[in-house]
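The structure under discussion appears below in the form of structure tokens.
None of the figures in this text is laboratory data; all of them are computed from the coordinates on show. Since the model is a prediction, treat every value here as computed from it, not as a measurement. In this analysis, Cβ positions are derived from the backbone assuming ideal geometry, glycine residues included, and neighbour counts consider all displayed protein chains.
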Amino acid sequence: MKKIITRFAPSPTGYIHIGNVRSAIYPYLAARQSGGRYILRIEDTDQARFVEGATELIEDTLKWLGLEWDEGPEVGGKNGPYFQSERKAIYQEWAKKLIEKGRAYADPTDSETIQRYRDEDSAKKIPYLYRNHRPKEAEKSPEEILKTWQEGTPIRFKADPKPRKWHDEVMGDLHAGPEVQDDIILIKKDGLPTYNFAHIVDDFLMNINMVARGVEYLSSTPNYLALYEAFGIDRPLLVSLPHILAPQGNKKLGKRDGAKSATEYRKDGVLPEAMLNYLACLGWNDGTEQEIYTKEELIKHFSLDHIQNSGARYDEVKLLWMNGQWIRRLMEEEGADKFYVRTLDFWPKSAEPFDDAYKKQVLSIIYDRLKTLSDLRAMTGYFFEDPIFDIEQILGNKFIKKTGLSEKELASLLETVTEKLGSLDSWNEETLKATLNELLEQTGRKPAELFSLIRISVSFAPFSPALDLTLNVLGKNVAMARLNKVKEALLLDQQ
Ligand code: GLU
């Protein structure tokens, strides 16, 4: 298998869209599978879009997901620098190579004139192509251009428009006509390169042999092919990743469609294993029904030809389902002690005074109900403080209503419960399980009725883990106090 040397080349614009994360995953998998290299390159030449702290955010997200890079920021490498803003001289040198070959020119045309060309073409209803307005400066000799060029004047490519054919690993065999090839800008006014130019130079110098990026770059590919040709360099494998689609309709997933950024999902307690799994499978499958993949399995099974060539629909419900699966799996594989470390940021405030051992106990009875780790905040409050007392909630419960019992009768049912539980010398899962079963027999009530009454009395929560487990973790004192409190309130209420 050919070793894939590839890169993730994000622009540090602050917000890490789910689609960007997927663009980081596929090249990683291809590199690891083939024993190749995965490079992180920060494309920060668009100063207007640069956001402070965005690079750190990208690095953190990759580390979080376990997508370690072999070359790039922090780790270095022989092909650096890995920030494009530090490679300005390299791009200018490469632009000059094209000038020398007669394939680029310095263009003094001001932006008002360029706008006028656009307007004129649009009035004539002809497609705007800059090469139709190529300035006379383009005809100067390379020597003359090189002698007089100064930063501040953009450098443009001299297009060689002709039919072009190429193969895209996802989109198949493609072709484009001359009408999409133009005199694109290579070096901007500020002396920095455009994306169109910089990535060609960098991919070549960094020995990249596979480029996986969003399908939005497909329409510019004929221009890229012209640049490879002008330099006389081989092009890498091209992999266009289809858009991720919004949950509804046929549009690209945007911020407004409810999809959060990778950072927000992380803050909400989505596990990196689940995020990686979900995004890798969003538009890729190995041809089987398997849905849960570890990183190692993804590396083993990944193949470019199983990437779908149409947009995959984003489905947050599925992501959260997968996260629930991963919580269960990792809790069982790693054990509560280790898994607990992942949950530290997600407990309710009221849990602060409690020790780790107690929280681990809570975790071990509730983990299989969590969709995200932040569910801990909403679902565990009653383990740490007395719930807000609400007698109506008890009376309104559908199972309790079904009993048809009056408040007095409910209180006396609780009296039986407290007597029996109160007499327990040893309070543990087994004794509680046995005692609850005895109570069913003794009272002749259905489990849904009796257990709902006890569960609500101790938790006032719509759900709780199995009752014996919940009572066990709460401990005898707390459980008894809450049951008694409800019993008394019922008696008081009916008077
Ligand atoms: N900087 C580009 C982006 O963030 C990278 C595209 C590419 O991977 O070449 O979209």
I'd like to know if the stretch 46-62 contains one or more residues that are surrounded by fewer than 20 Cβ atoms within 10 Å (Cβ to Cβ), in contact (Cβ under 8 Å) with a residue 60 or more places away in the chain and assigned to a loop (DSSP other than H, G, I, E, B).
yes
What pairs can you find where one residue is in the stretch 2-27 and over 14 Å from LYS255 (Cα atoms) and of a type in the set (S, T, N, Q), the other is assigned to a loop (DSSP other than H, G, I, E, B) and within 11 Å of the ligand (Cβ to nearest atom), and their Cβ atoms are less than 7 Å apart, with a gap of 6+ or different chains?
THR6/ILE208; SER11/GLU43; SER11/ASP44; SER11/ASP46
Return the pairs, sorted by first residue and then second, in which the second residue is among the small types (Gly, Ala, Ser) and assigned to a loop (DSSP other than H, G, I, E, B), the first residue lies in the stretch 381-406 and is in contact (Cβ under 8 Å) with a residue 60 or more places away in the chain and on the phi > 0 side of the Ramachandran plot, the beta carbons are less than 6 Å apart, and the residues are 6+ apart or on different chains.
none
Among the aromatic types (Phe, Trp, Tyr) and farther than 22 Å from LYS485 by Cα, is that true of TYR367?
yes
Go through the stretch 1-51 and give me each residue that's hydrophobic (A, V, I, L, M, F, W, C) and closer than 16 Å to LEU205 by Cα.
ILE4, ILE5, PHE8, ALA9, ILE39, LEU40, ILE42
Within the set of pairs 6+ apart or on separate chains, which have a first residue in the stretch 171-189 that is in contact (Cβ under 8 Å) with a residue 24 or more places away in the chain, a second that is of a type in the set (Phe, Trp, Tyr) and in a strand (DSSP E or B), and C-beta atoms under 6 Å apart?
LEU174/TRP166; ASP183/PHE157; ILE184/PHE157; LEU186/PHE157
Could you check the stretch 311-370 and list, in sequence order, the residues that are of a type in the set (Lys, Arg) and either free of Cβ contacts under 8 Å to residues at least 60 places away in the same chain or within 20 Å of LYS260 (Cβ to Cβ) (or both)?
ARG313, LYS318, ARG328, ARG329, LYS338, ARG342, LYS349, LYS359, LYS360
Here are some conditions: (1) within 21 Å of the chain's Cα centre (by Cα); (2) within 30 Å of ARG342 (Cβ to Cβ); (3) of a type outside the set (Gly, Ala, Ser); (4) away from the ligand (no atom under 16 Å from the Cβ). LEU241 meets all but one. Which one does it not meet?
(4)
First in the stretch 427-451 and farther than 11 Å from VAL417 by Cα, second anywhere and aliphatic (A, V, I, L, M) and in a helix (DSSP H, G or I), Cβ under 7 Å, 6 or more apart
GLU429/LEU469; LEU432/LEU471; PRO447/LEU440; GLU449/ILE400
Here is a list of conditions, (1) crowded, with 18+ Cβ neighbours inside 10 Å; (2) in contact with an Asp or Glu (Cβ under 7 Å, 6 or more places away or on another chain); (3) under 26 Å from SER11 (Cβ atoms), and TYR195 meets all of them except one; can you say which number that is?
(1)
Is at least one residue of the stretch 177-200 under 25 Å from the mean Cα position of the chain (by Cα) and either within 15 Å of the ligand (Cβ to nearest atom) or not aliphatic (A, V, I, L, M) (or both)?
yes
Determine whether the stretch 32-42 contains at least one residue that is within 13 Å of the ligand (Cβ to nearest atom) and in contact with a His (Cβ under 8 Å, 6 or more places away or on another chain).
no
Just name the residue that is surrounded by the fewest Cβ atoms within 10 Å (Cβ to Cβ) out of those in the stretch 201-235 that are touching a residue at least 40 places away in the same chain (Cβ under 8 Å) and within 10 Å of the ligand (Cβ to nearest atom).
GLY214
Select from the stretch 1-25 the residues that are within 22 Å of ASN79 (Cα to Cα) and within 12 Å of the ligand (Cβ to nearest atom) and list them in ascending order.
THR6, ARG7, PHE8, ALA9, PRO10, SER11, PRO12, SER23, ALA24
So is GLU52 within 24 Å of the chain's Cα centre (by Cα) and away from the ligand (no atom under 16 Å from the Cβ) or not?
yes
